[in-house]
Amino acid sequence: MHRFLVSAAHKSSGKTTVSIGLAAELSRRGLAVQAFKKGPDYIDPMWLAAATGRSCRNLDFNLSTPAELQLEFARHGAGADICLVEGNKGLYDGLDLEGRNSNAALARLLDLPVVLVLDARGMTRGIAPLILGYQAFDRSIRIAGVILSRLGGARHEAKLRAVIEHYTDVPVLGAMHEDARLAIAERHLGLMPANEDGTAHTRIALLAEAVGRQVDLERLLAASVSNVALPAAPPLVRPARRGVRIGIARDRAFGFYYSDDLEALECAGAELVFFDTLRDARLPSVDGLIIGGGFPEIFMRELEANAALRGEILAAIEAGMPAYAECGGLMYLARSLSWRGDTRRMVGAIPGDVVMHERPVGRGYVKLTLTEAHPWGNRGEGQFEIPAHEFHYSSIEGLDPNTRFAYRVARGFGVDGKSDGIVVNNLLAAYSHLRSSGSCDWAARFIAFVRNRAGEPDAAPALLSAVY
């Protein structure tokens, strides 16, 4: 087995395009590649999943314990030939002084050599002290090699290789030249999601071809080989009988779902029924709804035009159907959505109007505590902090002062800096994104609530036994 972490000196170094290209080219050569992404990210995992044909898994110190990260890595990596972990930000960047949640900390936890992607624009001899400094900063981190990115041409590459060979003992595993064809369009949250890009597979093929030409894959595999087997992880158990059907909006407008959360819903007894908010005129026959994050502002005209589905969703929520929405889903369920001088009608289940802004309103990790209004919460749980994350450029205006909220925000912004999780009937709609884990088993809690509403006889014990 081969395992390695792809990191960089700083963000926007070409790390993601290199990771996608590596994943695609190694897969094309017949190897089973399991991709992982460090941190709370939905978009990069979409591209990595498209490149490998396997769901990408997120590894996040802030939403999971170290033991849970090791378990997830072992569970999903055991059946692969290669485990490729794409980092976030720079190798040593983190939220605290000690770097306990950095890429380096993850490499140490999972015993991964590091492939360092270096944006070499404008650099020649200065590349050497950069590499030497990254080696010296933490001797427990093994830098297996560097991949130079955004090079200006063959002469630039030759100079950099000569400098690195003369001053360091770090091998150059590859050198990616600047190529506009390989760029993936970006917007305010990062790359354009693969589910929106109609040319995604063509672009991935181009990245794979570029990596095949410009990266020494044999040398990379030799530097990342591991003879230590991953520890055995207990398999996920899905019940033979799935008691409830959960409608999940998954299309070009809404695609922000963690694979682990979808699996957790199934393990809790849900049958997942996906529907398209842009094309489907009817809501499928379901017992509950989930509308995740995405970019509804990009598709607000199409969402407004599908009045039939908006009407069915509104009727279902008004009739008391359990529903859960995160960020983009909240925006869709509001009365209206305004962006760049245009306002469009949305579902109307939430009595408020969403407005997009030029700068982020809420960004980063959040800590939430439950209120008595939380539909799935048990009384007396308000002292427990729930880890989550948010990244939104919108705010919701015109809410009634008596609006009920499921959460108090201990860290972050949420709806208004104090509260998050708008509660309307059996709908909970929040800007915060949850991750199903040992400290926040939201999937099991939500399914238990749906069962309870459906009148299943074993629903109440399940609801009470699920804990945050």
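The values are calculated or read from the model by the stated rules, or taken from the named source; none is laboratory data. This is a predicted model, so every value here is computed, not measured. Note that we place each Cβ from the backbone using ideal geometry, even for glycine, and neighbour counts take in every protein chain shown.
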Just one listed residue, out of 131, 164, is of a type in the set (A, V, I, L, M, F, W, C) and touching a strand residue (DSSP E or B) at 6+ places or on another chain (Cβ under 6 Å), and it is 164
When you look at residue 8, is it surrounded by 23 or more Cβ atoms within 10 Å (Cβ to Cβ) and closer than 20 Å to residue 181 by Cβ, yes or no? no
Checking the conditions here, which among 91, 84, 5 is in contact (Cβ under 8 Å) with a residue 12 or more places away in the chain, outside any helix (DSSP H, G or I) and under 20 Å from residue 205 (Cα atoms)? 84
Of all residues in the range 22-40, which are of a type outside the set (A, V, I, L, M) and either under 23 Å from residue 257 (Cα atoms) or outside any helix (DSSP H, G or I) (or both)? 29, 30, 34, 36, 37, 38, 39, 40
Here are the criteria: (1) modelled with pLDDT under 95; (2) within 18 Å of residue 428 (Cβ to Cβ). Tell me which single one residue 401 does not satisfy. (2)
Of the residues 148, 160, only one is of a type in the set (A, V, I, L, M) and without any contact (Cβ under 8 Å) to a residue 40 or more places away in the chain; which? 148
Looking only at the range 82-89, decide whether some residue is over 25 Å from residue 30 (Cβ atoms), in the same structural domain as residue 42 (by TED's automatic domain parsing) and either surrounded by fewer than 16 Cβ atoms within 10 Å (Cβ to Cβ) or modelled with pLDDT of 95 or more (or both). yes
Answer yes or no as to whether residue 467 is at pLDDT below 90, under 16 Å from residue 265 (Cα atoms) and of a type in the set (Val, Ile, Thr). yes
For the range 220-260, how many residues are closer than 20 Å to residue 77 by Cβ, surrounded by 18 or more Cβ atoms within 10 Å (Cβ to Cβ) and not polar (S, T, N, Q)? 5
One residue is enough: does the range 397-419 have a residue meeting the conditions surrounded by 17 or more Cβ atoms within 10 Å (Cβ to Cβ) and out of contact with any Gly (no Cβ under 9 Å at 6 or more places or on another chain)? yes
If residue 29 passes every condition in (1) buried (at least 18 other Cβ atoms within 10 Å of the Cβ); (2) more than 22 Å from residue 293 (Cα to Cα); (3) basic (Lys, Arg) but one, which one does it miss? (1)
Grab the strands (runs of 3 or more DSSP E) fully contained in the range 372-457, keeping just those with 2 or more residues being touching a helix residue (DSSP H, G or I) at 6+ places or on another chain (Cβ under 6 Å) and in the same structural domain as residue 290 (by TED's automatic domain parsing). 427-430
Here are 22, 31: which of them is over 17 Å from residue 117 (Cα atoms), of a type outside the set (Gly, Ala, Ser) and not assigned by TED's automatic domain parsing to the domain that holds residue 441? 31
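Quick grid of which residues meet (1) under 24 Å from residue 213 (Cα atoms); (2) touching a Phe, Trp or Tyr at 6+ places or on another chain (Cβ under 8 Å); (3) polar (S, T, N, Q):
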| position | (1), (2), (3) |
| --- | --- |
| 113 | yes, yes, no |
| 117 | yes, no, no |
| 120 | yes, no, no |
| 124 | yes, no, yes |
| 127 | yes, no, no |
| 136 | no, no, no |
| 147 | yes, no, no |
| 161 | yes, no, no |
